[in-house]
Amino acid sequence: MEVKGFASAASSGFIRRDVYSLSPEGPEIAALRRGIAEMQRRSRVDRRDPTGWVYQAGIHGWPDGGNPLPGWNACQHSSFFFLSWHRMYLSRFERILRSASGDPGFALPYWNYSAAGNRAIPAAFRKPGDASNPLYAEERAAGINQGALLPPSAVTFSSAFRLTNFSARPGTRVSFGGGALRQPGQGGARAGELERQPHNVVHGMVGGQDGWMSYTDTAAQDPIFWPHHANIDRLWKRWLDQGGGRGYPGRSEDEEAWWRLSFDFVDENGSLVRMTGEEITDTVLQLGYRYDDDPPPLATVRLAGESSAAARSPELAAAVRGTSRAPIALGAEPVSVLVEMSPEDVAVLRTLATKELVETQIVLSLEDIAFERNPGVTYEVYLNLPEGTPPDYQSHYYVGNMGFFVARGHGHLHGPATVDQAFDVTAHVRTMAERGEWADVSPKVSFIMRELIPPGGAENMSAAAAGRSTPVVRVTIRRVVIATA
């Protein structure tokens, strides 16, 4: 059993490149196609081959009734281990794929969908659109394989990058990396901000209502899953590069599990491999790869528990809380709801936001979000969007996007009937207060649906919506809460 990193591979300098920088007919994409085709061939010969496509996809998840094999359905979502587990998973898959491709220098490409011009699925994954292309999957949202674009708000990571805490602080659930519960599993309301957006949002919009990417137990069957997750892994590194107290979990007793807990995978020979967080924090020295936009090596990244932000003097505030009254039903039309709160409490939030307290966050929570299937759309969430002001995800009213990425079996959802989502809105309240826009009245939360954008551009959106063949799935929210944490 191998338990250490890939120091021997580091000298090879495997570089994960932006797939949009690669020619669809170039050697890198050709190697990717060969590797996936070979892995798919192995699965046709023996479904239990651990280096085959089916087995590797099953490690992430497999539908109920699909005769899961040992080691399957192991993915970590809404979990303290979301980022670390997927880095381990990708690194092992990449080695299997490299061997299967026959290219000793192969590295996974990443899909940088946040860059201008990159919001369509890369051409190599949709052309040719038939079984001759191992990168193609028919099981995607309508329009995706014709070049439809993800809406701009779906691919922004600004909310995640504003956070400096990797782990959720006690009493809160807003963090970059997750971790209100320090245990493995799929914990429902415990997702970190990077997982929530863009990870979950992109999954749901690429998969649509019934596609593979929309559900945890089928996502890894779609070849685009791997460049998507390589990009999430890359964004984790870019977040760390910002400094300002950003780091890995600390070494306190309740966070030590992130470093020590082991997960099982297989190597390119099909042998069992056990990995821990201790072995994946340096992608170059331990795992043997880097990204094409990695900066030059800097000083060792701090642990989150050593954040310089902790030096600021904390000031605990009395709890402030406001809630909406009736359940909210979301569809194609914009919806707004008042979060009822006394004028005194609204004023307290303004005061707290201007103090930039390390111990006080203002959190907007969407509780008990229910839906029968993935709606295949996303909803932009705005705080106090003025009447008559067009919604703009680049404005200070924009809070984030709702994403829908859950487990499914036999075509229906299973597990928790509802999910929650939470947003840190401290900076938004602060900006409104500084601009004189935070009045002592109950705040308003608005929801704006966004769909895939047709290849012809946003000007065709109304026509596309009018001709929508699949109705928008009804999404309900039991209540909206704004509270201090």
Seminar exercise, completed: Counting only residues in region 443-456 that are in contact (Cβ under 8 Å) with a residue 24 or more places away in the chain and assigned to a loop (DSSP other than H, G, I, E, B), the one farthest from Val429 (Cα to Cα) is identified as Pro455
Exercise. Does Ser101 satisfy the condition of being over 17 Å from Leu272 (Cα atoms) and touching a helix residue (DSSP H, G or I) at 6+ places or on another chain (Cβ under 6 Å)?
Worked result: yes
Exercise. Out of Asn165, Asn200, which single residue is crowded, with 20+ Cβ neighbours inside 10 Å, in contact (Cβ under 8 Å) with a residue 12 or more places away in the chain and part of a helix (DSSP H, G or I)?
Worked result: Asn200
For this session: Could you tell me whether any residue of region 118-130 is assigned to a helix (DSSP H, G or I), at pLDDT 95 or above and surrounded by fewer than 18 Cβ atoms within 10 Å (Cβ to Cβ)?
Result: yes
Problem set entry | Failed item in (1) buried (at least 24 other Cβ atoms within 10 Å of the Cβ); (2) not in a helix (DSSP H, G or I), with Gly245 passing the rest | (1)
Problem set entry | Out of Pro50, Pro70, Pro104, sole residue that is modelled with pLDDT of 95 or more, surrounded by fewer than 21 Cβ atoms within 10 Å (Cβ to Cβ) and assigned to a loop (DSSP other than H, G, I, E, B) | Pro104
Problem set entry | region 133-149 residues that are assigned to a helix (DSSP H, G or I), paired with ones that are surrounded by fewer than 19 Cβ atoms within 10 Å (Cβ to Cβ) (beta carbon under 6 Å, 6 or more apart) | Asn145/Gly129
For this session: Show the residue pairs that are 6+ apart or on different chains and have beta-carbon atoms under 7 Å apart, the first residue being within region 428-442 and on the phi < 0 side of the Ramachandran plot, the second being surrounded by 13 or more Cβ atoms within 10 Å (Cβ to Cβ) and aromatic (Phe, Trp, Tyr).
Result: Val429/Trp438; Met432/Trp438
Problem set entry | Options Ser43, Ser21, Ser8: the member that is at pLDDT below 95 and either out of contact with any Leu (no Cβ under 9 Å at 6 or more places or on another chain) or not assigned by TED's automatic domain parsing to the domain that holds Pro227 (or both) | Ser8
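The values are calculated or read from the model by the stated rules, or taken from the named source; none is laboratory data. Please read these numbers as outputs of a predicted model, since none were measured by experiment. With ideal geometry, Cβ positions are generated from the backbone for all residues, glycine too; neighbour counts draw on all protein chains shown.
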